Structures are given as C-alpha cells and as structure tokens.
Amino acid sequence: MKPERVLIVGGGIGGLTAALALGRAGYRVAVYEQAPEFSEIGAGIMLTPNATRVLRHLGLEAALDRAALRPSASVYRRFDDASVIGDAPLAEAMETAYGAPYFHIHRSDLLDVLLAAVRAQGAAELSAGRMARDCSQEGGEVTVQFRNGDAAVGDLLLACDGIRSTLRGRLLAGAEPRFRGQVAWRSLVPADGLPERVTARESVVWIGRDRHIVQYVLRGGSLVNYVAIAVQDRWTGEGWTRPAKRSELRAGFAGWHEDVQSLLEATPAGALYKWGLFDRDPLEQWVYGRIALLGDAAHPMLPFMAQGSAMAIEDAVILARCVEAYDDLEVALSRYQAVRRERTARVILQSRAQTSLYQRLSGDKKRQRAASTDWVYGFDATNCAI
Ligand SMILES: Cc1cc2nc3c(=O)[nH]c(=O)nc-3n(C[C@H](O)[C@H](O)[C@H](O)COP(=O)(O)OP(=O)(O)OC[C@H]3O[C@@H](n4cnc5c(N)ncnc54)[C@H](O)[C@@H]3O)c2cc1C
C-alpha cells in the first residue's frame, strides 16, 4: 500500500529534502519542526557532487546557482608562513570528473532554497514550533505525540530530528553520541578589508599541530565562513554548542599567520559559537515497521569529510525512490535501510579515521588520497540500484 500521508519530524536539510523528494513522487507530506520557524544556523556548508547531483535531480540547480558559490580550488596552507603544502582544483575538475558541481553555500540560503521548492510544490504542510516527544505505530498507522499534547497520525513516519534525535531515543535503546576529542569554533565574518588569501574563491585549510582551520567565502564573496578545530580532552556541561569568546581563539591560535589572525580578529561580537564534535557508531537497524530514521538521526558523523548533509540528501532521494518502487511500505523502508547501511557506515568510520589528517604538517600524500574520494563523490543516489 502506498502512503497517503507521510509525517516528517525535523525540518532541517534532511527533513526538507525528504519532503521535496516525496512531494515530487506525488505523496502528501506534513513536516513538523521544533524551532519557532524553519531556519538554519549562521554558518556555511560544503556541498559535494554526490549531494548536488541529487539537488539538481530535484530541480534546484538554478536556485542553487544563484545562492551558492563554486570554489576554484582546495588549498592547504601551513599555519605559520601560509606556504602552500597541497592543492587540488575544484570548479571545472568536479564537473568533469563527476558531472555535478561542488558548492559553498550559507546554510540558511540552502534551507531557503529547499523551503521555496517545497512550498512551490504545494504537497507539504509545514508546521513550526512543534516539538515531537514520542511516536508509536499500530495497525498500519503511525502517530507522533508533541510536547504541547497534540498528536498527528499518518501511515509513514520519518524521524529527521538530528544527532540528538528524540524519536531515535524512543525507538532504540543505546548510548548517547560520543564526544570525539575535538572542538570547533564557527563564525561568519564580513569579507571587507580582509587579506586576499582569506577572501579568494577557494576552500582553504590552514594546517597546524593538533588544530586546523577551514575557511571559505559565501554569498558572492561578501562573507568568510570559518571553522577552527582543535584537540580538547573533554566536553563538559549540557548541550553541544555554546557561545564562545574571541580570547579562546587568540590563545588557541597564537603564532598563526597574520592573515589568520586578521580573520579571527574580525569576528563580530556575539557571532562566535563553539561546538563539541560528536558522532555515533554505525547502526545495523534504523527502520522499525513504518518508522524510519533519516540523516543525522540515523548516522551522525564527524565533519572531516563534509558528508553529513550529503548523506541526509542521499537518504532522502533513495527513500522516496524505494517508496515509489515497492508497493509494500515496510518492504520499501527495509530496502531503503539496506541500500544505505554500508555506505553511511563507511563514511562514519572514514570521517572518524580522518580526524587528525588536517592537524599534522606532514602527510600531504595521505591528504591527497583522502581527497580522491571517487566512491564518495561519484555515487549517484538518483540512479543506484534499490
Ligand atoms: C562543524 C561542522 C561542519 C559541518 N560541515 C558540513 C559540510 O560542509 N557538508 C556536509 O554535508 N555536512 C556538514 N556537517 C554535517 C551537517 O551539518 C549535518 O549532517 C546535517 O545538518 C544533518 O541534517 P539533518 O537534517 O539530518 O539534521 P539537522 O540539521 O540536525 O536537523 C534536524 C532538525 O530537526 C529539528 N528537531 C530536532 N528535534 C526535534 C523534535 N523533537 N521535534 C521536531 N523537530 C526537531 C531541529 O530543530 C532541526 O531543524 C557539518 C557538521 C558540523 C558539526
């Protein structure tokens, strides 16, 4: 039986891509987002060809071309003298090798592109300020209970509620996400007046010992996004993100090149956040009858391959294809899980293995090998066997 009403909990990149892919296949969808509005954090994101191929397939190419930027190259620089210790072309090279672009985009711009497409499709009901607290299923019906006491009923439920997924916690007993000994400071800085090395249309990784910085421009070059990552023994306290002070960066990145100092010093007051980096071990099962996890709820990973959103985007299109292809909904969901299991597990484990790749000055060969990720970028979720 085909679903008549799909419930999606979580209106992030995974949830909205799933809404779009299912809407295109003709299904009615309801998306419930806990935040007061559908929004993303103020940070950039790298979209690799395996993700952009899917977004193109969903009809978003023109909108993305307007909102995103195609970096010319990926450049690795030494932390102290800015000398180049490795580089690789991106813009044309990615199109040639994989037939899809490599983008840098502001997360809220990506979310806006997805939201506009979902709205234009007219197949989804979008509700913000709805925090799911539990879910259940019986006799072919799934129910989501919300914090405010309301409930929603449908015939398929997708839990797209991120790394700390409440619904995952209801479905399977298991450990909390594990802190992996790294913290990330993230901010967006106006590009005006910053040195050319940090405002070039490149993806730059500044490599030091036990720490590195990834930086690139967004919004036509008017903003510089940076993520400064460093080894840290413990992450204490509640939550996994919190406001941070520039003095922490000053101390942690003292002695780094003056261009890096200019970038960090230009961070606007109140615009610096610190994240503990967490992941979870790969799961064997994340589908339960008519309920499936998707994106970070199913397979959260460290950001060292820039693949978390890409995996959520791939999940979404494969899930929609399975629902279309198989009449029995439970068979469709178990096919979705089977198709995604090995690939997402491999990306989780490889992202973990690459933790220190950008935090040592030697090892450029290893970095080059890690960058030649045909198995990651070449994958076609729109056309793979399901
Ligand atoms: C430092 C860093 C850099 C990264 N860089 C990249 C990159 O360059 N490229 C890339 O592909 N990935 C990157 N990622 C990973 C990426 O951010 C995530 O994988 C991606 O956001 C996952 O999308 P999602 O929709 O599954 O989850 P989320 O983005 O976490 O969205 C979940 C949504 O569900 C909502 N929600 C949560 N609980 C509930 C509830 N109970 N009820 C209703 N709604 C709920 C949340 O408010 C949120 O809107 C990075 C991650 C980090 C930490």
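Among 135, 384, 160, sorting on how many other beta-carbon atoms sit within 10 Å of each Cβ, with the fewest leading, yields 384, 135, 160. Rounded to the nearest whole Hz, the Karplus-based 3J(HN,Hα) values (6.51 cos²θ - 1.76 cosθ + 1.60, θ = phi - 60°) of the range 304-316 follow the sequence 6, 10, 6, 10, x, 5, 4, 5, 5, 5, 4, 3, 4, with x at glycine and proline. Treating only the Cα positions of the range 1-85 as identical point scatterers, give the base-10 log of I(q)/I(0) from the Debye formula at each q in 0.22 Å⁻¹. Log-scaled intensity ratios, in q order: -1.18.
Positive contributions from Lys and Arg (+1) and negative ones from Asp and Glu (-1), summed over other residues with Cβ under 13 Å from the Cβ of residue 321, come out at -1.
When the Cα gyration tensor is reduced to axis lengths a ≥ b ≥ c, the ratio a/c is 1.5 or higher for the range 45-99, and with a/b above b/c it is classed as prolate. Over all other residues within a Cβ to Cβ distance under 9 Å of residue 272, the charged ones net out to +3, with Lys and Arg as +1 and Asp and Glu as -1. Summarised in one figure, the compactness ratio Rg/Rh of the chain, Cα atoms and Kirkwood Rh, is 0.96. Of all beta bridges that DSSP places with both ends in the chain, some 70 percent have antiparallel geometry. Here 178, 186, 197 are placed in order of increasing Cβ neighbour count within 10 Å, fewest first, which gives 178, 197, 186. The string of couplings for the range 329-344 from the Karplus curve (6.51, -1.76, 1.60, θ = phi - 60°) is 4, 5, 5, 4, 5, 6, 5, 3, 5, 5, 5, 8, 4, 5, 5, 5 Hz, one whole number per residue in order, with x for Gly and Pro.
When each of 257, 299 is scored by the number of other beta-carbon atoms lying within 10 Å, the sequence from fewest to most is 257, 299.
Computed from the coordinates by the stated procedures, all read-outs in this text should not be read as laboratory data. Please read all numbers here as calculations on a predicted model, not as lab measurements. Note: ideal-geometry Cβ built from the backbone for every residue, glycine included; neighbour counts use all protein chains shown.
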